[in-house]
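J.: Here it is, the structure in full.
What follows draws every value from the coordinates through simple rules; no lab data is involved. None of the values given here were measured: they were computed from a predicted structure. No Cβ is skipped: glycine too gets one built from the backbone with ideal geometry, and neighbour counts run over all protein chains shown.
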C-alpha cells in the first residue's frame, strides 16, 4: 500500500508503535503518535503527539494500532464508518517487508517454536530473521529484509485480528485453548483471530497444524495451502510425529526422544512443529536433529534458575494462561511449590485442581487474581497468600525441602505488578539468585 502523503495516526507507543512511526515516516507518511500515556512519559517520539481518544482520529486517513490497543473501541468503529482505514502494526509493516513470511501462532509454545525455527534455519545455512511478537517488531525488520531471506514471525491473536492482506507462506498453528478472553470476549472470537494467519494463503503455500488440537484441526478447512500435520503421540501423514522413542518426518527418524533436553511433552510438540516448518522452508532433514540439540531454549519458559539447599527453582513466567501452566505442571512429578497469580484474563483456574492436588505441596498466590484463584482451587492444595514475588520466594526458601521444586508458572498476565512477563521472570531470577544456601 502506498502511504506517501497519507495522514496516519499510530496508537500505542511501545516498542512496536515506535518502530511503526519510524517506518511510516521513512515512506513519506505524515505521522502522529497517540497513547494513553503523556508526552512526559514518552520522550523522544519525534512526531506530533495527540492523547488517545477520538481527537487522534480527526483529519486521519489511516490508523495503525499496536497489539495492546483493542480495535473494537467505539472511536475506531466510528472512524471506520467515516472511511478511516484501521489496521494493526504487523499489517502495516507487511506492506514493505521483503521476503517470504513463516508465521507461528497458538495459545502456547509460540515463542519457543519461533526461536527454534530460526535456529534450525540458521543451523542449516538458510537466511532468516526472527521477530514479531518475540524480540524485534516487524516494522523494525523491514530495513534488513531481503527477497531471499525468511521472516520468521511469532504472531499473536492481537496482531492477527487487525491483519487483512498479510500473506504467510508457511503458517503454523500450534494449539488453540482459552486465552485473552478479556480482550476477545469469547473463545470463538479468539480462535477466529488466530485463523486469520491462513486468510491469504494459496495452493503454493503450507499450513502446519496440530493433529491433537480440535480447533487447529478445523483450520485445515479454512486454508488453501497444503496441510502438514504434527502429533506427539501418533502417526500423521504428511507430517512430523513421535513413534516410540523417535521423532519422525514422514516415516524417517531424525531425533531420538531421550536426547531431547527441553522438558515436557508440549516441548516435543514444539520441536515437531518447528522441524516441520523449517523443513518446508528448505532445511534438510539431516540437519534438524543436531539443530534441536544445539538449541539453548528460551528465557522464561521452564527455565532452570539454580538449586538452593537442594531445592530447584524454575522460571516459567511465560505461562500467562491456564493451559501453559498445565503444561508446566505436567513437566514435573511431585514436591512442587507453585507461584500463581497476576492479572486475570477471565480464566477458569479450576482445571488446575487435579494436577495441583497430585503434584504440589503448596500454591503461593500473588497479584490481583489471588482471591479468584483461591476460590477456584478451594481445598485441593495448601494455599498461601503471599501478595508479591518477594514474599512467595521467601516462603518457599524457608519451607521447601531438598528434592522439591519451586515453579513460577503464574497462569496470568503480569501487568498488575510488572511491565510484562519478561520483567516478572527477571525479578524472580534476581530474587532466587540472592538466596543464601
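J.: Take 323, 164 and order them by how many other Cβ atoms sit within 10 Å, fewest up front.
T.: Ranking 323, 164 by Cβ neighbours within 10 Å, fewest first, gives 164, 323.
J.: Quick one: if you take sqrt(5λ) for each eigenvalue of the C-alpha gyration tensor of region 286-347, what semi-axes come out, biggest first, whole angstrom?
T.: Equivalent-ellipsoid dimensions as semi-axes: 25, 18, 11 Å.
J.: By the gyration tensor of its Cα atoms, with a ≥ b ≥ c the square roots of the eigenvalues, what is the shape of region 390-430: rounded for a/c under 1.5, prolate for a/b over b/c, or oblate?
T.: prolate
J.: Still on this model: Computed FRET efficiency, Cβ-Cβ of residue 237 and residue 306, R0 51 Å: what is it to the nearest 0.05?
T.: 0.70
J.: Pick from 148, 388, 205: which residue has the top mean-square fluctuation in a GNM of the chain where Cα pairs under 10 Å get a spring?
T.: 148
J.: Any number yet on Rg/Rh for region 97-293, C-alpha, Kirkwood?
T.: Result: Rg/Rh = 0.94.
J.: Compute the length gained on full extension between residue 164 and residue 346: take 0.36 nm times their separation in residues and subtract their Cα-Cα distance, giving the result in nm to one decimal.
T.: Extra length from residue 164 to residue 346 when fully extended: 62.8 nm.
J.: Running a GNM on the chain with Cα contacts under 10 Å, which residue among 37, 261, 25 ends up with the highest mean-square fluctuation?
T.: 37
J.: Would you please give the FRET efficiency between residue 388 and residue 436, computed as 1/(1 + (r/R0)^6) with r the Cβ-Cβ distance and R0 = 22 Å, to the nearest 0.05?
T.: 0.65
J.: For the chain, how big is the tail of P(r) above 35 Å, as a whole percent of Cα pairs?
T.: Of the Cα pairs, 32 percent sit more than 35 Å apart.
J.: Give me the distance between the Cα centres of region 114-149 and region 406-430, rounded to whole Å.
T.: Spelled out, the Cα-based centre of one part sits 26 Å from the other.
J.: Using only helices, what value at 222 nm comes out for the chain when you add -39,500 (n - 2.57) per DSSP H run of length 4 or more and divide by the total residues, to the nearest 500 deg cm²/dmol?
T.: About -9000 deg cm²/dmol.
J.: Residues in region 336-363, backbone N under 11 Å from the label point at residue 416 (7 Å along the Cα-to-beta-carbon vector): list them, ranges by number please.
T.: 340-346
J.: So what's the Cα pair-distance distribution over region 352-432, bin width 5 Å, in %?
T.: Calculated over all Cα pairs of region 352-432, the distribution is 3, 14, 25, 26, 20, 10, 1 percent.
J.: Sort 184-190, 87-93 for me by packing, meaning the mean count of neighbouring Cβ atoms within 10 Å per residue, highest on top.
T.: Listed from highest to lowest mean packing, they are 87-93, 184-190.
J.: For region 1-113, what class follows from the C-alpha gyration tensor (a ≥ b ≥ c being the square roots of its eigenvalues): rounded when a/c is under 1.5, otherwise prolate if a/b is larger than b/c, else oblate?
T.: Rounded.
J.: Just how far, in whole angstrom, is region 249-263 from region 12-51 if you go by their alpha carbon centroids?
T.: The distance from the Cα centre of region 12-51 to that of region 249-263 comes to 46 Å.
J.: Here's a follow-up. Under 1.5 on a/c is rounded, so check that first for region 297-437, then, if it is not, pick prolate when a/b is larger than b/c and oblate when it is not; a ≥ b ≥ c are the square roots of the alpha carbon gyration tensor eigenvalues.
T.: Taking the square roots of the gyration eigenvalues as a ≥ b ≥ c, region 297-437 is rounded.
J.: Going by how many other beta carbons lie within 10 Å of each one, how would you line up 257, 50, fewest first?
T.: 257, 50
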